[in-house]
Each structure stands twice: as structure tokens, then as C-alpha cells.
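Written out below as C-alpha cells is the structure these notes cover.
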Amino acid sequence: MNPYRLALALPLAFLAAPALAQQLSPEEAAAVDRLVTMTLADTGVPSASVAIVRGGETVFTKAYGKQSERAGAADAKAIYPIASISKQFVAAVLQQLENEGKLSLDDRVAKYVPDVSGADRITIRQLLAHTSGLQDYWPQDYSFAAMSTATKPQGIIDRWGKKPLDFEPGAQWQYSNTGYVVAGQIASKVTGKPIVQLMQERLLKPLGIRAVDQDDAVGPGHPQGYQRFALGPVRLEPPAARGWLYAAGDLAMSAGDLAKWNIARLNRAAPLTPDDWAEQETPVKLTNGESSGYGLGVVAGNRDGRRTIEHSGGAVGFLLQNMVFPDQKAAVTVLTNGSFSDTSTRIATGLARVVLPPTNAEDAAVLTAARTLFDQLRRGQPDAGRLTENARFYFTPAALADYRQSLSALGEPTSFTQAGRASLRGGFVQRRFRVTYPNRTLAISTFAEPGSNGRWEQFMVSPTQ
């Protein structure tokens, strides 16, 4: 399984939306379409399937692009491997077993799987939190040689789970798919059932989620994975042989079905208890008292000042992203069939900008005003009444001509967002904005008079990474 990538918060598409809005407006839906289609065109990833939750309800599902060499129109119900996003389901099963008195998350692994290195010192909780010290069996971002031959959980444990620990349990955080293979084995030994069956019976069927073992999500009717070598052509990527993802990334489902799980999380609903959801989302502390940033199968993070519970995933030929915003009752899911580029994260972050209102009402108003001025400068006709004397001095006829010619040539941007927080300087409010196009990004440095209707003292556009 790909090591979990703590994805960068790349500010992307934004449309101001009411906090309590439900269904996407036509303008918002159009923004989603532009974001996804332009990102796929930019990166070469063949397809994406997305789901949006707002107000605790699924308000949008849609698939784009080519899901396989055999498929016709993209199908939002198509099942993609969700890879490491599956880990939170494995953790949930073990939490349920603890509630039933069948085990404790603080039990030592030796009680169930004694032949693992450090089994007498590693707890189940440390397996789920990636603090066990067990060496990861799949750190690569590609399918390595052994993955062309089928394996079983014990085969993974024998080869990687018996190596010396990378560190003393609890001392560090290091992503370990091996730890989840051991966790899946523990659940099976306690119940006598395979981990996929346990997830189906205990979690998926109660929520009406249609899911399969990712090893079975191959062949006609299923999306195919694709790869790319450097900047070469996009090519089909053969799936791994059976058994390699096991409890580290066992499930395959549609974006809409994963949204059902996100809604259960937002509502603190069955099949987990409110305490179980909270426990999953609480970062585990290391032995030195520092937070790991990771709970039980999920990352507890923050994007643009909003609390997030999220996880990415990578299967052979697929990259996925799932973000939940508990305080806003919102979530976004993006499943893609390309094992290259930042497409899934780029789209997910952009969708969040469509779904979520700004964290600050004044920032929202100024963002709209900044976009208005930007569009005016693309036409070479800024509203002089919104500029201070110094700004009017700066925007000479030559400056306006350069702004118009250079910006209009870029076409319509795919996003316009505030980057970072506002701050005070020289009696003005300083803000920075980011404008993205399929092939480039612009930075805007601004100073404005205080208040949502303050005049612009500075509005300087420059290229950036």
C-alpha cells in the first residue's frame, strides 16, 4: 500500500456558498465540472469520481473521463479501490470488538499474533496509530517485484513483520501497512472470520454501502488503473496479484458509497458509538508526549482554519482522497484511476472550496471584491472608485495595458482563493491571493483599507510556483 501522504493544502477552486446550503447551485455545479475536467486535462489522469456532502447530506456525485479501456460514459456508481482509506474501517471493527469485551486496544499483540517482532511490547492501538515500529512492507509508490505473485497475510508477516523494529513502540510515528496486516489478523483470530467479512457485516451492510474486496474489483465493469513514466504517455498499470492489500487497503467502493460512511461520521451515528468516532479522531500521543497527528485509521488535520478528518489512499494505478469537515457537516471524496500526479488532492481541495463557506465573513467579502478587481484588470478597466490615490498612481496606462494583455491571454482561471490569513501592516490589511490556471499559478499581493469595503492600496500580480 502506498505510504500515507500528508497532502499539502493547495488552495484551489472557490465559490461563496451559504453555510446551510444543500444542493449545489448551477453555478457551483459548473465550478465543480470545470475544476475536475481541467485538472484531468492538466495531469493526464484518465478519470475521477467525486462525491460531495454538505449539511450532512450527499448533494453531488459524478464521474468524469475514461474509467477503463472498455467503458463507455463514466459511471458514478463504478467501484474504485479506496486503498488506505480502508484503514479506518479496520480500526472500527477492532473498536467494536473492544466494546463487546472480546479484546482491548491496549492488549499486547503477543496475545494474538506472537510471532511478530516486539509483539510483547506493541499494543493493538499502536498498530492502528502507526506507532508500532513495524517496518512498512510497501513504502514504494509503485508495484514492486514480489507483488506480481499472490500472497497471504502470513506471508507478509513472515517477510516484514519479523524484521527488527524500526523504533521502540510508541516512540515515533511511521506509516506501516504491516501493522494493519497484523491488526486484520487479530480481528480474524478473535472472531474466526476474514476481515473483509467483518467489515461487510458490521459496518458496510448496515449503512447500505456496496463494497467488495479490491482484489475482486477487476475485469469488465470495473475501472482500470493507469500509470505514467515521467512525462511519457499514460499507460495501463496491471493490478497487483491477490492478497497484497489485505487489511492495509482491502476495500473497493464508489465515491457515493464512501460518502455514506462520511455522513455516519458527521452524525456520530451507528455502526459506531459517538465515543468510538471521537476516539478514532483523537491523535495518539507518542511516549515523549508529542501528538502524532494520527488517530486510529485517520489523520486529524486542519485546512484553511477548519478541522479535518481525512485519509488518502494509493492502490496500483489509483490515487484517492477523502476529507471530512466535522464542524461544517461537510465532506469531499475523490477517486482517480491514475497512480501519478496530485490530481486527487488537487480536486478534493478545490471541491472543499466550493462546498464550504469562508471562515471569516470579511474575508469572504474581500475575496469577492478581489476577484472583481482581477477581472476588471483582465479587461484593463479597474473601478477607480475602489482604488486609493497611491493605487491609481501605480496603475498607469502602461501598467493597465500590461495587466490586460498578459492576464487576458491566460483565459478563465480555474480557481481564485485567499492564501493564508489576513494581517495588519502600515495601517492596511494585507492579504495574499492565489489564482490557478491549468498550466500556471499566479500570486496576488494586496493591501486594502480596513473593512469589507475598504479601497485597494495595492494589487500586484506576479507568477509563482
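Restricting 254, 312, 292 to those that are among the hydroxyl-bearing types (Ser, Thr, Tyr), in contact with a Phe, Trp or Tyr (Cβ under 9 Å, 6 or more places away or on another chain) and surrounded by fewer than 22 Cβ atoms within 10 Å (Cβ to Cβ) reduces the list to 292.
Looking at residue 174, is it surrounded by fewer than 20 Cβ atoms within 10 Å (Cβ to Cβ) and not aromatic (Phe, Trp, Tyr)? So residue 174 fits the description; yes. Residue check, residue 244 against (1) surrounded by 22 or more Cβ atoms within 10 Å (Cβ to Cβ); (2) out of contact with any helix residue (DSSP H, G or I) (no Cβ under 6 Å at 6 or more places or on another chain); (3) within 25 Å of residue 125 (Cα to Cα), all met but one. Which one? For residue 244, the exception is condition (2). For segment 331-345, the criterion of being within 29 Å of residue 227 (Cα to Cα), of a type outside the set (Gly, Ala, Ser) and in a helix (DSSP H, G or I) is satisfied by at least one residue.
Scanning segment 102-132 for residues that are without any contact (Cβ under 8 Å) to a residue 24 or more places away in the chain and not in a loop (DSSP other than H, G, I, E, B), we see that the one that is nearest to the chain's Cα centre (by Cα) is 108. Only one of the numbered conditions (1) touching a residue at least 24 places away in the same chain (Cβ under 8 Å); (2) part of a helix (DSSP H, G or I); (3) surrounded by 14 or more Cβ atoms within 10 Å (Cβ to Cβ) is not met by residue 189, and that is (3).
Go over the candidates 20, 35, 24, 15 one by one and state the one that is over 19 Å from the mean Cα position of the chain (by Cα) and either modelled with pLDDT of 85 or more or assigned by TED's automatic domain parsing to the domain that holds residue 223 (or both). Result of the check over 20, 35, 24, 15: 24. Annotation note: Cβ proximity below 7 Å between a residue of segment 367-390 that is of a type in the set (Gly, Ala, Ser) and a residue that is part of a helix (DSSP H, G or I) (sequence gap 6+ or interchain) occurs for 380/400; 380/401; 380/403; 380/404; 384/392.
For segment 135-162, a residue qualifies if it is among the hydroxyl-bearing types (Ser, Thr, Tyr) and either in contact with a Lys or Arg (Cβ under 9 Å, 6 or more places away or on another chain) or outside any loop (DSSP other than H, G, I, E, B) (or both), and the qualifying residues are 137, 148, 151. The set of residues in segment 418-443 being within 24 Å of the chain's Cα centre (by Cα) and either without any contact (Cβ under 8 Å) to a residue 12 or more places away in the chain or not in a strand (DSSP E or B) (or both) consists of 419, 420, 421, 438, 439.
The values are calculated or read from the model by the stated rules, or taken from the named source; none is laboratory data. The structure presented is a predicted model; accordingly, all values stated were derived computationally and were not measured. Reconstructed Cβ throughout: ideal geometry from the backbone, glycine too, with neighbour counts over all protein chains shown.
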